[in-house]
Amino acid sequence: MQEDILSKTCPRISSKCQLFRDRTGLHIQRSAMTFSQAVSTCIRNYATFRGKASRSEYWYFVLFTILFFTVAAVISNVAKFPYILIAPSLLCLIPGLAVASRRLQDGGFSPLFLFLYIVPFGQIALLVMYCMPTKTEELRSRQSVRGAQLFCHHCGSPLIAKATSCRSCGEPVG
């Protein structure tokens, strides 16, 4: 199978992304973000809970949060004023939840899994989910479920369970 590879600048992160076309459609393979790109993207999208966040975007923001809290803790100890730690907590709460929600969606999970934070040992399950690779569009279209029914990603007609091609348009499923 021959693929047509294009290299374009992605407007979202201002870096090179590889776009390739094959017979299943257009797929985007994002390149890894740098530390500054990830932090600026998370701050710009501080309350955006929809969309996707790559692993590098999520983990660089976690690193930024750790560094931010470390600097605040040092300042708090030097100034002998413990209430300084409230500011980083409030500043990082909403962006942290937003990027975690986007990371879960990028891995193919529901953002409602964030409620695992309040369950004992739920953080371990979330850590595993955050480390999962990006779920590709090809797999996501195969699992486009409305209720319990699968639908074709080309024409939108209902599919029969375990079908290999669509009855309406003839396109292969997955």
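The values are calculated or read from the model by the stated rules, or taken from the named source; none is laboratory data. What you are looking at is a predicted structure, and each value in this text was computed from that prediction instead of being measured. Because the Cβ atoms are built from the backbone with ideal geometry, glycine has one as well, and the counts that use them run over all protein chains shown.
May I ask you to list the residues in the range 79-120 that are in a helix (DSSP H, G or I) and among the basic types (Lys, Arg)?
The answer is Arg102, Arg103.
Only residues that are at pLDDT below 80, within 30 Å of Tyr60 (Cβ to Cβ) and either not polar (S, T, N, Q) or not in a loop (DSSP other than H, G, I, E, B) (or both): list them for the range 121-174, please.
Hits for the range 121-174 are Glu137, Glu138, Leu139, Arg140, Ser141.
What residue, of Ile75, Ile66, is over 12 Å from the mean Cα position of the chain (by Cα), at pLDDT 90 or above and surrounded by 12 or more Cβ atoms within 10 Å (Cβ to Cβ)?
Values: Ile66 fails: surrounded by 12 or more Cβ atoms within 10 Å (Cβ to Cβ).
Selected residue: Ile75, the only one of Ile75, Ile66 that is over 12 Å from the mean Cα position of the chain (by Cα), at pLDDT 90 or above and surrounded by 12 or more Cβ atoms within 10 Å (Cβ to Cβ).
Considering Arg21, Arg50, which residue is charged (D, E, K, R), assigned to a loop (DSSP other than H, G, I, E, B) and at pLDDT below 90?
Sole residue among the options that is charged (D, E, K, R), assigned to a loop (DSSP other than H, G, I, E, B) and at pLDDT below 90: Arg50.
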